[in-house]
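Novice: Quick one: this structure, given as structure tokens, is what I'll be asking you about.
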Amino acid sequence: MYIEKCIRRLQGAIQIPTCSNPNPEDTDWDLFLDFIHYLEDAYPEIHHHLDRRIVNNYGLVFHWPAAGAIAENPAKSMPVLFTAHYDVVAATDEGWTHPPFSGYDDGSRVWGRGSLDDKGSLICILEAVEALLMDGYKPPRDIYFAFGFDEEQGGSLGAQKIAAYFKEQNIHFQYVFDEGGAILDGSMMGVAPALAVVGIAEKGNNSFRFHFEGAQGHSSMPPKHTAIGTMAAFIEAVENKPFPLRLTPTVEEMLKALAPYQKGLTGKALANPGLFFPVIKKVLLKNPQTAAMLRTSVSFTMTQAGTGHNILPKNASCVANVRILQGDSVESVKAYFRSFGFDFSIEPLLENEPTGISDVHSEAMQHITACINKVFDNTVPLPYLMVGGTDSRYYGEVANDSFRFLPCRLTSEELGSMHAVNESISHENIAGMIRFYRTLLESI
């Protein structure tokens, strides 16, 4: 019965199409208000017992005050922050087995945009809190929940403003717990047990538009290089000379954690990744996800040029999404682009430095690891580098550490459904997420 109620509440959350847009003026903010009101009705205990603050119109912050004696361990007396986001990327019905905003339940799965990214985790966090409140649980220290509303567009309106609020209030957290890695098949890393990958750092998520100028005129009298030709040559040059491969401390910790599950020379190599990196990198480069952990990556995603089939374009532009590895920076990336010798101007669309690296040996990481082991059988917790972005990047100034983990067992097909067609979540994963969040909260 309890899981059935959760499924219905998740269905209702999916049915409110809170799609964020690159241009905030194109967003239907009334739907975001509808979602806030929906949570008020769905979770009365939370709204009765927890203090709620709305930041920048749509950002939700809940405070669950501590009850009881302060822990002797200073770290245990610090508050903890759980985060999620309720905006989703847009979707049409095309290609979906069930419409993306139907919240359809087929008896084993709930279908719809946001079921995995990230309304599923938001709803399951609230389910765990609501159940604990009904059981009379009182936390030994302050717990906060922050729910952003524009994570899919970079989080500058939501999480960034919420982080500023915490800073103004002089609230500092032991750690932040956000969406991130999931429980994956261990074969992707050559081991038998499933891997619960916990993100301890993120690459910087950046987008730049490059503007090229050329001669105008009739296409029958072309110059040596048009604006489009120069742009194409630039793209080709960048793609042919990627950033160098590097072993960062985050990936080094991941490989060392895998070492006990490999025998012989492989186990020895993983235990000493710096020494054996020339061999290890060849293996990691075979998988796009692990390959992305080894360098700053550049992906050209958009181009624009021309007004007619027989008119030389005065301007051409392209957009590159750049995920910056720890050790590189926004400025060093811009210098890399300029090093190719092309004449262009750079327009920043999104700029983020790579995050700091959380302490894998901290009490917080040990606690999260213990909860993973308790809830999920035959699973190895594994620190790793997030190649995607989350709202947690903004909380670095107000938290000692940030950990990113979506407590779901996901297949490669399920992972691929995020931001694509047929995003859905199994009943089993819904139940597992609630168990995990409850375990984490009541042992905090």
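The values are calculated or read from the model by the stated rules, or taken from the named source; none is laboratory data. Just so it is clear, the structure is predicted and the values come from calculations on it, not from any experiment. Ideal geometry is used to build each Cβ from the backbone, glycine not excepted, and the neighbour counts take in all protein chains shown. The accessibility values were calculated without ligands, DNA or RNA, using every heavy atom of the protein model including side chains. Shrake-Rupley method; radii C 1.70, N 1.55, O 1.52, S 1.80 Å.
Novice: State yes or no: is LEU382 touching a residue at least 12 places away in the same chain (Cβ under 8 Å), in a strand (DSSP E or B) and open to solvent by 60 Å² or more (accessible area, probe 1.4 Å)?
Specialist: no
Novice: Continuing with this model, one more query. Report those helices (runs of 4 or more DSSP H) wholly inside segment 1-82 carrying at least 3 residues which are at pLDDT 95 or above. Even if it seems obvious, please write down each step before you answer.
Specialist: Numbers: elements: 2-14, 29-42, 44-49, 74-77.
Per the criteria, 2-14, 29-42, 44-49.
Novice: Here are some residues: ASP359, ASP328. Which one is in contact with a Ser or Thr (Cβ under 7 Å, 6 or more places away or on another chain) and among the acidic types (Asp, Glu)?
Specialist: It is ASP328.
Novice: May I pose another question? Under 24 Å from the mean Cα position of the chain (by Cα), under 30 Å from ILE228 (Cβ atoms), among the hydrophobic types (A, V, I, L, M, F, W, C) and at pLDDT 95 or above: which single residue out of ALA320, ALA335 fits that description? Walk me through it before giving the result.
Specialist: On the way: ALA335 fails: under 24 Å from the mean Cα position of the chain (by Cα).
Going through ALA320, ALA335 in turn, the sole match is ALA320.
Novice: Just the residues that are within 17 Å of THR248 (Cα to Cα) and in contact with a Phe, Trp or Tyr (Cβ under 9 Å, 6 or more places away or on another chain), please, taken from segment 189-216.
Specialist: VAL197, VAL198, GLY199, ILE200, ALA201
Novice: How many residues are of a type outside the set (A, V, I, L, M) and out of contact with any Lys or Arg (no Cβ under 8 Å at 6 or more places or on another chain) if we restrict to segment 178-207?
Specialist: 6
Novice: So, one more: So, restricting to strands (runs of 3 or more DSSP E) that lie completely within segment 139-251, which ones have at least 2 residues that are over 30 Å from GLY274 (Cα atoms) and open to solvent by 60 Å² or more (accessible area, probe 1.4 Å)?
Specialist: Passing ranges, in order: 204-213.
Novice: Can I ask one more? Take residues that are surrounded by 15 or more Cβ atoms within 10 Å (Cβ to Cβ) and among the hydrophobic types (A, V, I, L, M, F, W, C) and tell me which of the strands (runs of 3 or more DSSP E) falling wholly in segment 259-377 contain 3 or more.
Specialist: Because the criterion is at least 3 residues that are surrounded by 15 or more Cβ atoms within 10 Å (Cβ to Cβ) and among the hydrophobic types (A, V, I, L, M, F, W, C), the strands (runs of 3 or more DSSP E) in segment 259-377 that meet it are 297-305, 315-324.
Novice: Now a separate question. Would you tally the residues in segment 14-26 being crowded, with 19+ Cβ neighbours inside 10 Å and either aromatic (Phe, Trp, Tyr) or more than 21 Å from the chain's Cα centre (by Cα) (or both)?
Specialist: Going through segment 14-26 one residue at a time, the tally reaches 1.
Novice: Report, by residue number, each residue of segment 28-62 that is open to solvent by less than 50 Å² (accessible area, probe 1.4 Å) and without any contact (Cβ under 8 Å) to a residue 40 or more places away in the chain.
Specialist: Of everything in segment 28-62, those that are open to solvent by less than 50 Å² (accessible area, probe 1.4 Å) and without any contact (Cβ under 8 Å) to a residue 40 or more places away in the chain turn out to be LEU31, ILE36.
Novice: Which condition number in (1) more than 15 Å from VAL110 (Cα to Cα); (2) at pLDDT 95 or above is the one that ASN429 fails?
Specialist: All conditions are met except number (1).
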